[in-house]
Amino acid sequence: MFKSCIKLLTKILFWQHLFVILFASVLLFSKNDTQQAKTILNKYCHIVPEEVKAKRNLRIATFKGNLNAQNRYLRLVQQHSQAVKECRDRTWPQVQAIWLRLYPCDTQLGMIDKIMDRIINKGYNQVYIESFYNGRVLLPSNKNTTAWPSIVLRKDIEQVDLLSAAIQKGKKRGLKVYAWMFGTNFGYSYTQNKDRKGVIARNGKGQTSLYMFADGSQVFIDPYNQQARIDYYNLVKQILQYNPDGILFDYIRYPRQTGPDSVATKVTDLWLYTKATQRVLFQRAKNNKGLELIYRFLRKGYVTSADIAYVNKLYSREGEPMWQGRVVIQGKRVIQLPQNQQPQLQWELWQLSVAHAMQGIIDFVSSAAYPAQQKGIMTGVVFFPDGNKKVGRGYDSRLQPWDRFPGNMEWHPMAYANCGSNNCIISEVQRVLSIAKSDTKIIPALVGNWGTSIKNRPPLELQMQALRKFSTQLSGVSHFAYSWQYPDHDSERKFCRRRNT
């Protein structure tokens, strides 16, 4: 019995000793793993320079055909991606995105890998790839059935699918990949279709944006035009075939003008002088008096007492001139003299015209987002925080009614204010937060570079530090753009001047 107890006690002590050794080993390995993870990243979730260099060297060797380097490169890519993911999960902002434009030269072997590696190296977990810009679309020619030419047109590479490659290689690194698209700015190429000439927006001075911008890249369309909406709808559907994680709509507005024209103060400043826009505007009239006054106001830019007297006589059986949104206090009818009616009616016609122009923008983006929302793909809209401002008796010429954009879309305000400090940037973000509903996902876009001021803007880390106070209200932050952080590489990619880096 005594011997049996001794044996049992010996076994217990043995297993206890073994458990202590194993537990200590686990702690040691865990500690080593943690230390190793910490050496990979800095406090901004950036991959440290030694790791960046090691990955770059392995990538270069991989695309020279070194199979051993390839295996090591892929392992390091995954290790870095996992480290950034874990860092972002515990570090504000949990969403940190970057804006990226691709060029035909990015079809070169290994170029997309290089770009995506650099994005991960800077701690990003989302990338917004410009899929439609300057009147061209990021689709290979053999898959492009849109109203726009492909970005890649060179015969030897026209079948290369840059968008597919970027989405695939981004997702393999744990990045969420959004398609970023110009909106009502269709580009010069669209105007080369003879049957699309009437689609271009026109103001009351006979101007279109085609002749307002020297490079021809900004050509804004009439958002009420059905043909324009169909063309854009089909474009969105083709982009969605690549199953991006989201889709962002930029240039959801009218042209930004300069000088005195930067403020719209009269109806002829508005982009209301196309058939489709006017047809819908006239339909907003609720009686003949209203229709006639809308017509006269649009044609002349004002209404006179004589106009009102004429309309009252022509449609004497009708009451007040009426149109959508006009409210007349009910009660004892008091017939006013035309000269007394004129100031109020002219002001209300001006407000109707502005509201109609803005409603076209809202309708356009709602229509554009619909196919993505049907597929359960996130949508977002990009805007200037001051693009909807009232200026005196006028309005910002962009007429960008972001405060009325759908709340089920992400809001991406471009906090690009430049005052040499963070104060004006904070003010822009605060303005958006004060207007947005509490459940709206807001992801401000900042412009600049890491570690250095550029064009009088503070470094990105200082801008984000200033926004940290709003962390509970912001869903993330994005940085414009890859080209700002890597200007030399952006130039090389534009002109195919490749270097082994």
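What follows draws every value from the coordinates through simple rules; no lab data is involved. Predicted, not measured: the structure shown is a model, and the values here were computed from it. Positions of Cβ are generated from backbone atoms using ideal geometry, with glycine treated the same way; all protein chains shown enter the neighbour counts.
Using a cut-off of 14 Å between alpha-carbon atoms, which aspartates and glutamates can reach Lys205, once sequence neighbours fewer than 8 places away in the same chain are excluded? Counting by Cα, and skipping residues close in sequence, Lys205 has these aspartates and glutamates nearby: Asp261, Asp269. Using just its DSSP H runs of length 4 or more, each adding -39500 (n - 2.57), the chain gives a mean residue ellipticity at 222 nm of -14500 deg cm²/dmol after division by all residues. Each of Gln159, Cys45, Asn193 was placed along the dipole of the chain (beta-carbon charges, centred on the mean Cα), and the one lying farthest toward the positive end is Cys45.
For the chain, the longest principal axis of the Cα atoms and the long axis of helix 305-314 meet at an angle of about 80 degrees. Its residues counted as N, segment 47-110 yields a C-alpha radius of gyration over 2.2 N^0.38 Å of 1.34.
Across the cross-link table entries Lys114/Lys176; Lys122/Lys441; Lys55/Lys171; Lys114/Lys375, which are compared at the Cα atoms, the separations over 20 Å belong to Lys122/Lys441; Lys114/Lys375. Among beta bridges identified by DSSP and lying wholly in the chain, the antiparallel ones come to about 25 percent. Here, segment 172-242 is characterised by an Rg to Rh ratio of 1.08, where Rg is the alpha-carbon radius of gyration and Rh the Kirkwood radius. Go through Val328, Val267, Ile362 and say which Cα lies farthest out towards the positive end of the charge dipole of segment 262-373; charges sit on Cβ, +1 for Lys and Arg, -1 for Asp and Glu. Of the listed residues, the answer is Val328.
Length gained on full extension, Val160 to Leu240: 27.0 nm, using 0.36 nm per residue less the C-alpha separation. Computed from Cα atoms, the angle from the helix 111-121 axis to the main principal axis of the chain rounds to 80 degrees. In plain terms, the C-alpha convex hull of segment 181-285 casts an average shadow of 8.1 nm² when viewed from every direction. The share of C-alpha pairs in segment 353-501 whose separation exceeds 20 Å stands at 57 percent. Debye-formula intensities of segment 93-182, expressed as log10 I(q)/I(0) at q = 0.11, 0.21, 0.23 Å⁻¹, are -0.30, -0.99, -1.14 (one equal scatterer per alpha-carbon, no solvent).
Computed from point charges on the beta carbon alone (+1 for Lys and Arg, -1 for Asp and Glu), the dipole magnitude for the chain about its Cα centre is near 700 Debye. Taking a straight line from the alpha carbon of Lys289, these lysines sit under 25 Å away, with near neighbours fewer than eight places off in the same chain left out: Lys266, Lys275, Lys300, Lys313, Lys332. Remark: segment 225-348 is approximated by an ellipsoid whose semi-axes, taken from the C-alpha gyration tensor as √(5λ), come to 39, 18, 13 Å, largest first. Size estimate for segment 412-472 follows the Kirkwood approach: the inverse of mean 1/r over distinct Cα pairs works out to 11.8 Å. Once all Cα-Cα distances of segment 125-164 are split into 10 Å bins that start at 0, what whole-number percent is in each one? Going from the shortest bin to the longest, the percentages are 32, 53, 13, 2. Ranked by the mean number of other Cβ atoms within 10 Å of their residues, highest first, the peptides 251-259, 83-91, 63-71 come out as 251-259, 83-91, 63-71. With the charge dipole of segment 120-192 set up from +1 on Lys and Arg Cβ and -1 on Asp and Glu Cβ about the Cα centre, the Cα lying farthest toward the positive end among the listed residues Ser150, Val177, Asn134 is that of Val177.
Note: the chain, Cα convex hull, 227 Å³ per residue. Axis angle, to the nearest 10 degrees, between helix 162-172 and the longest C-alpha principal axis of the chain: 50 degrees. Overall, the anisotropy analysis places segment 438-501 in the prolate class: the square-rooted eigenvalues a ≥ b ≥ c of its C-alpha gyration tensor yield a/c not less than 1.5, with a/b exceeding b/c.
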